[in-house]
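Computed from the coordinates by the stated procedures, all read-outs in this text should not be read as laboratory data. These numbers were taken from a predicted model, which means no experiment stands behind them. Ideal geometry is used to build each Cβ from the backbone, glycine not excepted, and the neighbour counts take in all protein chains shown.
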Amino acid sequence: MTVSELAATCNFTFAAGQEEADRAVSGGYCGDLLSLVMGRAGSGNAWLTVMGNVNAVAVAVLADVGCMILCEGVCPDAEALTRAKQQGVCLLRTDLPAFEAAVAVAAAMKKE
């Protein structure tokens, strides 16, 4: 499944990285403790978080996630948005709580 397909299926919106929307997404990881995300998120995972800052974008790059999904209506700060665009990070948003967003991601990937 691509980021674009995931976003459309789950009704997530792009905040940044739409140019990279053909990137493959496989699996997911939920977490807000950046040190855990660096060591446990898999390459290509959809990372669900409420961390919308520049440090989270740096972790997304280091972990090589397929996309970041900001849950609970969180908006990335200006610096994070700029960095995501510079680094080609697909940054999605949803108003859903993290649990419900993760359920939607899992269901979308199961259909694939």
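Is segment 80-94 home to any residue that is part of a loop (DSSP other than H, G, I, E, B) and of a type in the set (D, E, K, R)? Before you say what the answer is, go through the steps one by one.
First, the residues of segment 80-94 that are part of a loop (DSSP other than H, G, I, E, B): 88-90, 94.
Filter once more, keeping what is of a type in the set (D, E, K, R): none.
Looking for residues that are part of a loop (DSSP other than H, G, I, E, B) and of a type in the set (D, E, K, R), one finds none in segment 80-94, hence no.
Can you pull out the residues in segment 1-12 that are assigned to a loop (DSSP other than H, G, I, E, B) and crowded, with 20+ Cβ neighbours inside 10 Å?
In the first step, residues of segment 1-12 are kept if they are assigned to a loop (DSSP other than H, G, I, E, B); the result is 1, 11-12.
Residue satisfying the conditions is Phe12 alone.
So which residues in segment 13-41 are surrounded by 15 or more Cβ atoms within 10 Å (Cβ to Cβ) and either out of contact with any Cys (no Cβ under 9 Å at 6 or more places or on another chain) or more than 23 Å from Gln86 (Cα to Cα) (or both), if there are any at all?
Gly27, Gly28, Tyr29, Cys30, Gly31, Leu34, Val37, Ala41
Scan segment 59-100 for residues that are closer than 19 Å to Leu34 by Cα, surrounded by 14 or more Cβ atoms within 10 Å (Cβ to Cβ) and touching a residue at least 60 places away in the same chain (Cβ under 8 Å) and jot them down.
Gly66, Cys67, Pro76, Leu81, Ala84, Val89, Cys90, Leu91, Leu92, Arg93, Ala98
Per-residue answers, yes or no, for (1) out of contact with any Pro (no Cβ under 6 Å at 6 or more places or on another chain); (2) of a type outside the set (D, E, K, R):
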residue	(1), (2)
Trp47	yes, yes
Gly52	no, yes
Asn55	yes, yes
Ala58	yes, yes
Leu62	yes, yes
Gly66	yes, yes
Leu70	yes, yes
Val74	yes, yes
Glu79	yes, no
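Out of all the residues in segment 13-29, is one or more out of contact with any strand residue (DSSP E or B) (no Cβ under 9 Å at 6 or more places or on another chain) and in contact (Cβ under 8 Å) with a residue 40 or more places away in the chain?
Scanning segment 13-29 turns up at least one residue that is out of contact with any strand residue (DSSP E or B) (no Cβ under 9 Å at 6 or more places or on another chain) and in contact (Cβ under 8 Å) with a residue 40 or more places away in the chain.
Within segment 25-40, does at least one residue satisfy the condition of being closer than 17 Å to Ala7 by Cβ and either in contact with a Pro (Cβ under 6 Å, 6 or more places away or on another chain) or assigned to a helix (DSSP H, G or I) (or both)?
For segment 25-40, residues closer than 17 Å to Ala7 by Cβ and either in contact with a Pro (Cβ under 6 Å, 6 or more places away or on another chain) or assigned to a helix (DSSP H, G or I) (or both): absent.
Looking at the structure I just gave you, is Gly52 of a type outside the set (Lys, Arg), in a loop (DSSP other than H, G, I, E, B) and within 19 Å of Met1 (Cβ to Cβ)?
When the stated conditions are applied, Gly52 does not pass them.
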